[in-house]
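Please read the structure below before turning to the comments.
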Amino acid sequence: MNLKEIREIINLMNDYDLTEFSMERDGFKMALKRGPEGAIMSQSPIIERVAELVEKAAVEKKEEEQPRGAEIVSPMVGTFYASPSPDSSPYVEVGQIVDTEDVVCIIEAMKVMNEIKADIKGKIIDVLVEGGEPVEFGQPLFLIEPVE
Amino acid sequence: MDRERHIKPTTLILDSLHKERERGGFVSGEELADRLGMSRAAVWQRISELRGMGYVIEAQPHHGYRLANVPDRMLGYEIERSLGTGIIGRNVICYDAVSSTNDIAAEMAEKGEPEGCAVFAECQRKGRGRMGRSWIAPTGKNILMTFILRPRMRAVNAPQVTLMSAVACAEAIRVVTGLPALIKWPNDILIGDRKVCGILVELFSELDGIRYILVGVGLNVNVRREEFPGEIVETATSLLDELGQKVSRIALARELLQKLDENYSILRESGFSSIMDKWKEMSATLGRSIRVTWPDGKKEIGSAYALDADGALLLRRETGFTARITSGDIQILGT
């Protein structure tokens, strides 16, 4: 069970006007309840725990894969923007050398703009996400080959 | 550039003048000289300095001095004077012209400035909104302000600050002008269907949390609609245009800091749901038909039917299914 699946359940609850939902599977328990306005009210600790597990899984996965270069990962859930405005050229392109303080992209969530810095000096070897695409916490955004 | 440096030698005189003004009276030059331990000539010199800054100070023989009017300038002293906020506005800095107040606040935050610092400017050379859009304001007519927050929360919760700031701005406008300010999701302030205030939230984070958040507020106060650039002349408004009279920017700035302080403390102590309740009460979006422009540029029409627990807007699509809006722009179409 991941966040996406929980979100789907919530959407289904809205679509079918269900007020309560609970499930149990492999020692995992979840209960959702809808409030008066139709919004999901319960931010149950379980959901947060699941969120944490998903995040942890993402971090662990990163460690297992051991990619060629280092990764620049997203510090938050949001939307990825490769350029400062729709009409301008991207912050970085494949082959470009970046410094630790260089901005490589923006992650936006509910109008909160987060300029992501490279944090390592290196050469961009891959851009892993498309502009306008949603990203998860800890999701790799760029592959970067560190240089001294 | 820093007004406070100019104002400091005269602060004590201003304190006395303000105190007497509240009682409606005059204070004699002799009394001022006594109180402040300076000669009457020195008092006179300071009074002249203050007049030079735009203070209107009446002088009457046998009565003394009376503060008749405070200049229409963002003066740190006037904004901070007996402000009484806990965090927001505990350090107020005013500039004539800056690149943008967010830029200045970012520099300060990087140097370790504690949260609550508020930077005001009369003019921005490179005022900006989101996604490379510019924010244009004529000099000396609007409120251009950025404050620094260092909330102890995970980056994923940063949008709470966006909604909190919108609530505070709408409340401050309501208190000072009585105008029915409403919030367009997530943080534009409208009067009628025109935008009067924009908020730019910039997050500086690390993987393990928030370093700081900058909240930039651009509030159209005493600008006239004719002064707006062509592309927003039909969609923007100002308090002057809505009210038919000028609004004291100092009074509004003070109320804004107070409301921000109040709502930031509600957010920390009572949690986001209390902020969402206020947001919903002042919402211009919920229950309305909207056009969404998704981040990939696709457009869609639907109904904004609720706010999700994290502040996302819930859309009922034409297919009957629902979607969460966390990014992209929305346009309100009607009821």
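Limited to segment B:276-309, what total is found for residues that are farther than 22 Å from residue B:334 by Cβ, assigned to a helix (DSSP H, G or I), within 13 Å of chain A (Cβ to nearest Cβ) and in contact (Cβ under 8 Å) with a residue 24 or more places away in the chain? Reasoning before the result, please.
Filtering segment B:276-309 for residues farther than 22 Å from residue B:334 by Cβ gives B:276-278, B:295-297, B:308-309.
When the remaining residues are screened for being assigned to a helix (DSSP H, G or I), the result is B:276-278.
Now drop any that are not within 13 Å of chain A (Cβ to nearest Cβ), which leaves B:276-277.
Now narrow it down to the ones that are in contact (Cβ under 8 Å) with a residue 24 or more places away in the chain: B:276.
Number satisfying all stated conditions: 1.
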(request) Can you confirm whether segment B:94-111 contains a residue that is of a type in the set (S, T, N, Q), within 14 Å of another protein chain (Cβ to nearest Cβ), farther than 26 Å from residue B:10 by Cβ and within 16 Å of the chain's Cα centre (by Cα)? (result) yes
(request) For segment B:199-246, name all the residues that are aromatic (Phe, Trp, Tyr) and more than 14 Å from every other protein chain (Cβ to nearest Cβ). (result) B:228
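For segment B:1-118, which fully contained strands (runs of 3 or more DSSP E) count at least 2 residues that are farther than 30 Å from residue B:216 by Cα?
Details: elements: B:56-60, B:64-69, B:91-98.
Correct list: B:56-60, B:64-69.
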(message) Looking for something in contact with a Ser or Thr (Cβ under 8 Å, 6 or more places away or on another chain), more than 12 Å from chain A (Cβ to nearest Cβ) and part of a strand (DSSP E or B) - is there at least one such residue anywhere in segment B:310-328?
(response) no
(message) Filter segment A:120-148 down to the residues that are among the charged types (D, E, K, R), free of Cβ contacts under 8 Å to residues at least 60 places away in the same chain and within 14 Å of another protein chain (Cβ to nearest Cβ) and list them by number.
(response) A:130, A:133
(message) I need a count of the residues in segment B:173-196 that are within 14 Å of chain A (Cβ to nearest Cβ) and more than 16 Å from the chain's Cα centre (by Cα).
(response) 3
(request) Could you list, in sequence order, all residues of segment A:101-119 that are in contact with a Gly (Cβ under 9 Å, 6 or more places away or on another chain) and more than 9 Å from chain B (Cβ to nearest Cβ)? (result) A:105
(message) Among the residues that make up segment B:257-268, is at least one of them within 14 Å of another protein chain (Cβ to nearest Cβ), crowded, with 19+ Cβ neighbours inside 10 Å and within 30 Å of residue A:134 (Cβ to Cβ)?
(response) no
(request) List the strands (runs of 3 or more DSSP E) that sit entirely inside segment A:63-129 and contain at least 2 residues that are of a type in the set (A, V, I, L, M). (result) A:70-73, A:103-109, A:112-117, A:122-127
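Has segment B:153-172 got any residue that is in a loop (DSSP other than H, G, I, E, B) and more than 10 Å from chain A (Cβ to nearest Cβ)?
Going residue by residue through segment B:153-172, those that are in a loop (DSSP other than H, G, I, E, B) are B:153-154, B:158.
From the residues that got through so far, the ones that are more than 10 Å from chain A (Cβ to nearest Cβ) too are B:153.
Yes - at least one qualifying residue is present in segment B:153-172.
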(request) Only residues that are over 13 Å from residue B:31 (Cβ atoms) and basic (Lys, Arg): list them for segment B:50-69, please. (result) B:51
(request) Could you identify the single residue in B:133, B:81 that is touching a residue at least 24 places away in the same chain (Cβ under 8 Å) and either out of contact with any strand residue (DSSP E or B) (no Cβ under 9 Å at 6 or more places or on another chain) or outside the structural domain of residue B:251 (by TED's automatic domain parsing) (or both)? (result) B:81
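Have a look at B:212, B:264 and point out the one that is outside any strand (DSSP E or B), of a type in the set (Phe, Trp, Tyr) and farther than 17 Å from residue B:137 by Cβ.
On the way: B:212 fails: outside any strand (DSSP E or B).
Selected residue: B:264, the only one of B:212, B:264 that is outside any strand (DSSP E or B), of a type in the set (Phe, Trp, Tyr) and farther than 17 Å from residue B:137 by Cβ.
The values are calculated or read from the model by the stated rules, or taken from the named source; none is laboratory data. Quick caveat, the model's predicted, so the values are computed rather than measured. Glycine also receives a Cβ, built like all others from the backbone with ideal geometry; neighbour counts cover every protein chain displayed.
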